[in-house]
Each structure stands twice: as structure tokens, then as C-alpha cells.
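Participant: Provided herewith is a single structure, encoded as C-alpha cells, for subsequent inquiry.
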Amino acid sequence: MSIRNIPISLPALGEEELLAVQEPLRTGWLTQGPKVAEFETAFACYHNVKHAIAVSSCTTGLHLALVSLGIGPGDEVIVPAFTWISTANVVLYCGATPVFVDVDRRSFNIDPTKIADKLTGRTKAVIAVHLFGLCSDVDAIREVIPSHVKIIEDAACAVGSRYKDKYAGGLAEIAAFSFHPRKIITTGEGGMITTNNDELADVIRQLRNHGAAISEEERHNGPKPYILPDFNLLGFNYRMTDMQGAVGLEQLNKLNGFIKERTSWAAWYSEQLEDVEWLTPPQVVTTSRHVWQAFVTYIDSTKAPVSRNEIMEALQFRGISTRPGTHSVPLQNYYKCKFGYKEEDYPIARDCEANTMTLPLHNCMTDSDYMYVVNSLKNIV
Ligand SMILES: *Cc1c(COP(=O)(O)O)cnc(C)c1O
């Protein structure tokens, strides 16, 4: 077998994106403008949700979601302990307190049965993360929280995902998606907020644009150029550029193809790895559409021939990049120091950080790449 170089992820970009990105450069309208507006409309339509509001990242999108709900000092927001760190960071940006809940070892998502214990009179929201492309069990979460507590979807990994008969982005009060190159579709950096709530959408559109009551584009197109916008809110500059909007539109056109390819290779991996007794492939929930942002396996350290890290090193030696699933956020130094968390506080999140391994699965891999990964893994010892 030859030594290859299979990265953990690669964005699938083509001539379409190369052409599309040129239009804003030619017209000179570079900041949020007509391409972003088109991308928003198409994104909302795909996910069957009323409003889609483009932002500079999923992180800034989650921040605006919390601000639009009025979350601030003294409030608590429930977040899963196993997630990308910004799910919790955004709560701190608002001066509120993240309250961690451990995850389910099979789905890697928040464990709804552990939420009730963490509810207090200050709980204002739950951030339900659809980790690696599998939706959180939003109905089970809803059942265990009071009706005034809002659910925000961290749908960073879940472009195109479905939960029961609904798309991610329309399962709760507000959602935020990511277009980072490691996600399902990309605009470089970038994100999208979705909501069915007209008032929240109106506030979020202002918040992303310095708090301005009207956008630059509206002003530019309007009949009275001397009218300055009013600033009624403390806003941010969290806008997406029109170059990104143009790329996003082309990526969205390819989304169904991306998901189809990812789904069939995920099924193939799971089937091929069935007889590796020390490795558990990711969970498939028949009522959900997993979009396979990442194929995250669990290594049983009591059965594996060598440690998880040694397996990862051996694969790297064969030119195959792997990664741990994601982080146990309470165990990151900033959180440990600020809140005094201990190693044993969130045992499942800690176990997932230590024993998960993401295999390469993306839209730039060949059939023989996948076969090479499986053969390498089976011949690890
Ligand atoms: C990638 C990711 C984010 C952050 O997305 P950005 O667009 O890079 O800000 C947030 N949450 C989860 C679960 C993610 O995977």
C-alpha cells in the first residue's frame, strides 16, 4: 500500500464558486448586499423556516441569538459539556453563566434526562447542539424544561439535517449554522441564524449591523440619501460579505449531493467496521437525517490493542488524519480556572474527549481513499 495524504476534512469547491465570487468584485458591492440576500432566501426555503439572517460565523450567530432573547448577567443557560467551546463562550459574552449538562455516550448530544437537575429560577435557555450532524432530541428536551425556557439550536454541524419531519433551524426559537470549511457547506468563515419569530428576526437584523434600524443596502436604494439610520440598540458588526454570500449560494446548490455522498460512505464505513470489536461506529437514529459533518467513532479502551492516541498516530503514519471528536468544555483551562470544575464532574464528556476518534469523511475523497482508511484501521496491530 502506498503512503497517501488523506486530510480529516476538505471543502468541495469548483468552477461555480470561482465564477460566483467574481461578481461582487466586479460590481464593487463587497459587503452584505444582494448576494447575501439571495443566499438568505434560498437557505430559509431549503430549511423551511421563515427567516434566515446571514452573519460572520456560527459563534457570532449564537451570540446574537442570546442577545435577542435578552439574556444577560444573572441568567443561566444550559449547554452540553461535550461541544465546540464557542457554544459555552457565547453565554459568557452576555455576562450570563453557562451551566453544563453531560451528554449521551451514543448520540454525543445533551442527555435530556440530566437537564432537570440543573434547572434553577435563573435558567433562561438551553442550547441544543446538533453535534456532528445529528439533531439533538429536541422533543425530549422540551418535555423536561418549563415553557418559558427557550431552546436555541447550535446547528453549526447540521446544515440540511432533519429531526423527525422537520429541518434543523426550525425546531426551536432560534438556530445558528456554521459555514466554516469543516462544516457541510462553506463560505470560508460565515454563519446563518434562522427563526420563525418575526420580532426576533427584526431585532437580529439590526444587531448584526451596529444596531442600525435600516441596512446600508436599503439606504443606498432608498429615495432619501440624507436620512441617517437610527441606532436603537447596542449592535455589532457581524455581517457576511457579498463574496461569501455568492459562494454560499453555489454551495447550497450542491448540498443535496454532498449529503447523499456523505450518507452512503457513512453507511459503508459502519458496515465495514462492524467486525472491529473495539470500535463503535456513530449512532444512526432512524427518525432523523444525519448529515455526517463528522464520522465520530468510539474506541473501547478495554478491548483496543493499543490506546486511542496510538491508533491515531499509527493512522497518521499511514497518511490518514484523524481527530478526537471534540472537547469536554468544563475541562478546558479557562473554564476549570473560572468555575473550579474537576476531572470527574462530567464523566461522559471526559470519556468522549479521551476515547472518540473522527475518521476522514468529506466530499473530496475517492473510493480508494475510503478503502485505504478501513484497511489501515483493520491492520493497526
Ligand atoms: C464549528 C462549531 C461552532 C463554531 O462555528 P464557527 O462558524 O466557526 O463560529 C459552534 N458550535 C459547534 C457545535 C461547532 O461544531
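The values are calculated or read from the model by the stated rules, or taken from the named source; none is laboratory data. From a predicted model like this one, the values you see are computed outputs, not experimental measurements. Heads up, the Cβs are rebuilt from the backbone with ideal geometry, glycines too, and the neighbour counts pull from every protein chain shown.
Let's see how each residue does on (1) away from the ligand (no atom under 16 Å from the Cβ); (2) among the small types (Gly, Ala, Ser):
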site: 6; (1), (2): yes, no
site: 15; (1), (2): yes, no
site: 39; (1), (2): no, no
site: 54; (1), (2): no, yes
site: 63; (1), (2): no, no
site: 73; (1), (2): yes, no
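Participant: Scanning for something of a type in the set (A, V, I, L, M, F, W, C) and either touching a Leu at 6+ places or on another chain (Cβ under 7 Å) or surrounded by 14 or more Cβ atoms within 10 Å (Cβ to Cβ) (or both), does the stretch 219-229 turn up at least one residue?
Facilitator: no
Participant: Let me ask something additional. In the stretch 89-111, is there at least one residue being touching a Lys or Arg at 6+ places or on another chain (Cβ under 6 Å) and closer than 30 Å to residue 359 by Cβ?
Facilitator: yes
Participant: Taking the stretch 70-87 on its own, how many of its residues are crowded, with 24+ Cβ neighbours inside 10 Å and within 14 Å of the chain's Cα centre (by Cα)?
Facilitator: Count: 5.
Participant: Among the residues of the stretch 100-141, write down those that are of a type outside the set (Asp, Glu), away from the ligand (no atom under 16 Å from the Cβ) and free of Cβ contacts under 8 Å to residues at least 24 places away in the same chain.
Facilitator: 114, 121, listed by residue number.
Participant: Of all residues in the stretch 170-200, how many are more than 16 Å from the ligand (Cβ to nearest atom) and surrounded by fewer than 20 Cβ atoms within 10 Å (Cβ to Cβ)? Let's see the steps before the verdict.
Facilitator: Going residue by residue through the stretch 170-200, those that are more than 16 Å from the ligand (Cβ to nearest atom) are 170, 173, 195-200.
Those still in the list that are surrounded by fewer than 20 Cβ atoms within 10 Å (Cβ to Cβ) too: 170, 173, 196-199.
Summing the residues that are more than 16 Å from the ligand (Cβ to nearest atom) and surrounded by fewer than 20 Cβ atoms within 10 Å (Cβ to Cβ) in the stretch 170-200 gives 6.
Participant: Do the conditions hold for residue 21, that is, is it within 16 Å of the ligand (Cβ to nearest atom) and closer than 19 Å to residue 250 by Cα?
Facilitator: No.
Participant: Just to be sure, is residue 46 more than 13 Å from the ligand (Cβ to nearest atom), touching a residue at least 12 places away in the same chain (Cβ under 8 Å) and at negative phi?
Facilitator: Considered against the rule, which asks whether it is more than 13 Å from the ligand (Cβ to nearest atom), touching a residue at least 12 places away in the same chain (Cβ under 8 Å) and at negative phi, residue 46 comes out as yes.
Participant: Another question, then. Might you check whether a residue that is away from the ligand (no atom under 16 Å from the Cβ), more than 14 Å from the chain's Cα centre (by Cα) and modelled with pLDDT of 95 or more occurs anywhere in the stretch 214-221?
Facilitator: Of all residues in the stretch 214-221, those away from the ligand (no atom under 16 Å from the Cβ) come to 214-221.
Among the residues that remain, those that are also more than 14 Å from the chain's Cα centre (by Cα) are: 214-221.
Those left that are additionally modelled with pLDDT of 95 or more: none.
So far as the stretch 214-221 goes, no, none of its residues is away from the ligand (no atom under 16 Å from the Cβ), more than 14 Å from the chain's Cα centre (by Cα) and modelled with pLDDT of 95 or more.
Participant: OK, next. So how many residues does the stretch 142-169 have that are within 22 Å of residue 260 (Cβ to Cβ) and within 16 Å of the ligand (Cβ to nearest atom)?
Facilitator: Qualifying residue count for the region: 10.
Participant: Continuing with this model, one more query. May I ask you to list the residues in the stretch 110-133 that are of a type in the set (Lys, Arg) and over 17 Å from residue 154 (Cα atoms)?
Facilitator: 114, 118, 122
Participant: Could you list, in sequence order, the residues of the stretch 19-60 that are surrounded by fewer than 19 Cβ atoms within 10 Å (Cβ to Cβ), within 25 Å of the chain's Cα centre (by Cα) and over 26 Å from residue 201 (Cβ atoms)?
Facilitator: none
Participant: Looking at 260, 224, which is the one that is out of contact with any Ser or Thr (no Cβ under 6 Å at 6 or more places or on another chain) and within 20 Å of residue 182 (Cβ to Cβ)?
Facilitator: 260
Participant: Inspect all residues belonging to the stretch 369-381 and state whether any of them is part of a loop (DSSP other than H, G, I, E, B), modelled with pLDDT under 95 and touching a helix residue (DSSP H, G or I) at 6+ places or on another chain (Cβ under 6 Å). Even if it seems obvious, please write down each step before you answer.
Facilitator: Here is the first cut: in the stretch 369-381, the ones part of a loop (DSSP other than H, G, I, E, B) are 379-381.
Applying the additional criterion that residues be modelled with pLDDT under 95 yields 379-381.
From what is left, the residues that are touching a helix residue (DSSP H, G or I) at 6+ places or on another chain (Cβ under 6 Å) are 380.
Taking every residue of the stretch 369-381 in turn, at least one turns out to be part of a loop (DSSP other than H, G, I, E, B), modelled with pLDDT under 95 and touching a helix residue (DSSP H, G or I) at 6+ places or on another chain (Cβ under 6 Å).
Participant: Let me ask something else about it. Could you tell me whether any residue of the stretch 337-344 is part of a helix (DSSP H, G or I) and of a type in the set (D, E, K, R)? Break it down into steps so the answer makes sense when it comes.
Facilitator: Filtering the stretch 337-344 down to residues part of a helix (DSSP H, G or I) leaves 337-339.
After this cut, where a residue has to be of a type in the set (D, E, K, R) as well, the list is 338.
So far as the stretch 337-344 goes, yes, one or more of its residues are part of a helix (DSSP H, G or I) and of a type in the set (D, E, K, R).
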